[in-house]
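Below is one structure; the comments refer to it alone.
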Amino acid sequence: MIGDQFTHMKIDQVKDCEDVILSMEFIVDNINEVIKLLDREAIKNMLQKILDGERIFVMGAGRSGLVAKAFGMRLMHLGFTVYVVGETTTPAVGQKDIVIAISGSGETRSIADLGKIVKDIGSTLITVTSKKESTLGRISDITMVLPSKTKNDHDAGGSLEKNMRGDYKNLPPLGTSFEITSLVFLDSVIAQLITLIGATESELKARHTNIE
């Protein structure tokens, strides 16, 4: 069995769950660092496009795709017409629609290719990424940059990680930093939209699915 390789490991060998704590501290520090670097004007433009768009489409691959779906769900709770790209019930994208892509590298082939199609259609493309000069970053109408380590970064991480004290090799793997940061950022965008449209908690709850 695949789990047999782990049967010899003993939890009592873990000292104070240090990797759990260090990883959480790293994620929090990374988010705080990203907050300082956020382009406020780009955020305002993103909010305006969302408010003005006829419909909103969200897309991403892998765990970034899950972040996109979480954002789409909150937009639905606010009363926006929103679809997830790739779902069987998702309609065709039109010129007045907004497409929001989530991609840490900005180079994920499936999402980058879809981004090019979006631009060919004439829709507005907004990308949340850590790489401004990526394929998606360059072609997007609005590029929200969240500097974070992605799964394609092969060094030990960004400057924040390198400056952390000690040799912490067991920090969040692959694109975790970007994925969590983008989730926090997009949920915070939702908070701003709630204020702008004057939505209430009860209105959000009323739109939440009742057949799950």
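The values are calculated or read from the model by the stated rules, or taken from the named source; none is laboratory data. Quick caveat: nothing in here was measured; it's all calculated off a predicted structure. Positions of Cβ are backbone-derived with ideal geometry, glycine not excepted, and every protein chain shown enters the neighbour counts. For the accessible areas, the whole protein counts, side chains as well, though only heavy atoms, and no ligand, DNA or RNA atoms are used. Shrake-Rupley method; radii C 1.70, N 1.55, O 1.52, S 1.80 Å.
Condition check ((1) among the acidic types (Asp, Glu); (2) out of contact with any helix residue (DSSP H, G or I) (no Cβ under 7 Å at 6 or more places or on another chain)) across all residues:
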| residue | (1), (2) |
| --- | --- |
| Ala61 | no, no |
| Arg74 | no, no |
| His77 | no, no |
| Tyr83 | no, yes |
| Gly86 | no, yes |
| Asp97 | yes, yes |
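Table: residues versus (1) touching a residue at least 60 places away in the same chain (Cβ under 8 Å); (2) more than 27 Å from Ser105 (Cβ to Cβ).
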position: Gly175; (1), (2): yes, no
position: Val189; (1), (2): yes, no
position: Gly198; (1), (2): no, yes
position: Glu201; (1), (2): no, yes
position: Leu204; (1), (2): yes, yes
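Out of curiosity, is Leu171 modelled with pLDDT of 90 or more and within 25 Å of Gly106 (Cβ to Cβ)? Considered against the rule, which asks whether it is modelled with pLDDT of 90 or more and within 25 Å of Gly106 (Cβ to Cβ), Leu171 comes out as no. Please determine, by comparing only the residues of segment 174-204 that are among the hydroxyl-bearing types (Ser, Thr, Tyr) and part of a helix (DSSP H, G or I), which one is most open to solvent (accessible area, probe 1.4 Å). Result: Thr195. Regarding segment 69-83, can at least one residue be identified that is on the phi > 0 side of the Ramachandran plot and out of contact with any Asp or Glu (no Cβ under 7 Å at 6 or more places or on another chain)? Yes: segment 69-83 contains one or more residues that are on the phi > 0 side of the Ramachandran plot and out of contact with any Asp or Glu (no Cβ under 7 Å at 6 or more places or on another chain). Note on segment 74-104: residues that are within 13 Å of the chain's Cα centre (by Cα) and either free of Cβ contacts under 8 Å to residues at least 60 places away in the same chain or closer than 21 Å to Gly122 by Cβ (or both) amount to 3. Pairs meeting the criteria (first residue in segment 57-70 and closer than 20 Å to Pro91 by Cα and of a type in the set (Gly, Ala, Ser), second residue open to solvent by 10 Å² or more (accessible area, probe 1.4 Å) and assigned to a strand (DSSP E or B), beta carbons under 8 Å, at least 6 apart or on different chains) are Ala68/Gly60; Ala68/Val84.
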